[in-house]
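Here's the structure we're looking at; comments come further down.
The values are calculated or read from the model by the stated rules, or taken from the named source; none is laboratory data. None of the values given here were measured: they were computed from a predicted structure. So basically every Cβ, Gly included, is an ideal-geometry build from the backbone, and we count neighbours across all protein chains shown.
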């Protein structure tokens, strides 16, 4: 690693992500981060006053592209179904190339139990689900997506596919590509749902 | 021409490699840390890259941070403007969504994914790497 890059602050965040991936959020400590970085805990405290501050930055790192991805896809002239697929693909691609990052998604329930991270992780997850829900609402209005499920139900199904597929991928130590399977399953759900509740 | 392809997506990386190999010797990296390391090592060994194809959404350290570090290294080394590495930034994100700051110079052009061979060739022409 070249001296000065990444910055010490970024290196601490990356080390924290690795530890969360290996040991869960409960396994994260300033001692472990310092050990992984080969620095003293006092040097770590120069960059972050407490462990909670590291966790906050980990979530910000995890969601750093969220708004840009959403705004980019909103402006695309594609079907609502494709917007949902492209939106999901953007995140899954990040996990596929950086598997440790997927651990933050899989630990989000735990992060809700920490005062400093509760609101932040809730906002991240809520915004992601809201994007998909809105795309479903518009897709149903345009007749592109079946109305058999309510937008909330369908968004929950998609969220469930991403979570369980990512969890299974992690359990098998990332031995197969994640993206293709998730996108294929979501496409099937979007394309094969019964036409409408009334039919 | 010495070319560094910094791209985490396998398909895009292979496509860029196939295309750019016609124009020079290509190396490949898959995240921002590797990219800066490769750039710094090439500089130290006196064989700097002429062109960097840089993905923005890369694992660990993103392309923008890597680019900022690269420009800072060139500044520290007092690299002449004409000798600065030319950069084609590539991303699925709209250019308008990306928070460029003062490090964006005339030595970078931006192209949106999916990668299109013509747009890469045009970018190289814009950067005066091709006639």
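Say whether the condition of being over 27 Å from residue B:113 (Cβ atoms) and surrounded by 15 or more Cβ atoms within 10 Å (Cβ to Cβ) is met by at least one residue in the stretch A:119-132. Checked against the condition, which is being over 27 Å from residue B:113 (Cβ atoms) and surrounded by 15 or more Cβ atoms within 10 Å (Cβ to Cβ), the stretch A:119-132 yields at least one hit.
Which of the residues belonging to the stretch B:50-90 are part of a loop (DSSP other than H, G, I, E, B), at the interface with chain A (Cβ under 10 Å from one of its Cβ atoms) and within 10 Å of the chain's Cα centre (by Cα)? Within the stretch B:50-90, just B:56 meets the criteria.
One line per residue, one yes/no per condition, for (1) more than 13 Å from chain B (Cβ to nearest Cβ); (2) modelled with pLDDT of 95 or more; (3) surrounded by 20 or more Cβ atoms within 10 Å (Cβ to Cβ); (4) closer than 14 Å to residue A:117 by Cβ:
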{"position": "A:1", "(1), (2), (3), (4)": "no, no, no, no"}
{"position": "A:5", "(1), (2), (3), (4)": "no, no, yes, no"}
{"position": "A:11", "(1), (2), (3), (4)": "no, yes, yes, no"}
{"position": "A:21", "(1), (2), (3), (4)": "no, yes, no, no"}
{"position": "A:28", "(1), (2), (3), (4)": "yes, yes, yes, yes"}
{"position": "A:33", "(1), (2), (3), (4)": "yes, yes, yes, no"}
{"position": "A:45", "(1), (2), (3), (4)": "yes, yes, no, no"}
{"position": "A:53", "(1), (2), (3), (4)": "yes, yes, no, yes"}
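Considered as a group, the residues in the stretch B:16-49 that are exposed (fewer than 15 other Cβ atoms within 10 Å of the Cβ) and within 14 Å of another protein chain (Cβ to nearest Cβ) include one that is nearest to the chain's Cα centre (by Cα), and that residue is B:41. Scanning the stretch A:141-150 for residues that are touching a residue at least 12 places away in the same chain (Cβ under 8 Å) and more than 15 Å from residue A:85 (Cα to Cα) yields A:142, A:146, A:147, A:148, A:149. I'd like to check something: does the stretch B:105-117 contain any residue that is assigned to a helix (DSSP H, G or I), over 12 Å from the mean Cα position of the chain (by Cα), within 10 Å of another protein chain (Cβ to nearest Cβ) and free of Cβ contacts under 8 Å to residues at least 60 places away in the same chain? Scanning the stretch B:105-117, I find no residue that is assigned to a helix (DSSP H, G or I), over 12 Å from the mean Cα position of the chain (by Cα), within 10 Å of another protein chain (Cβ to nearest Cβ) and free of Cβ contacts under 8 Å to residues at least 60 places away in the same chain, so the answer is no.
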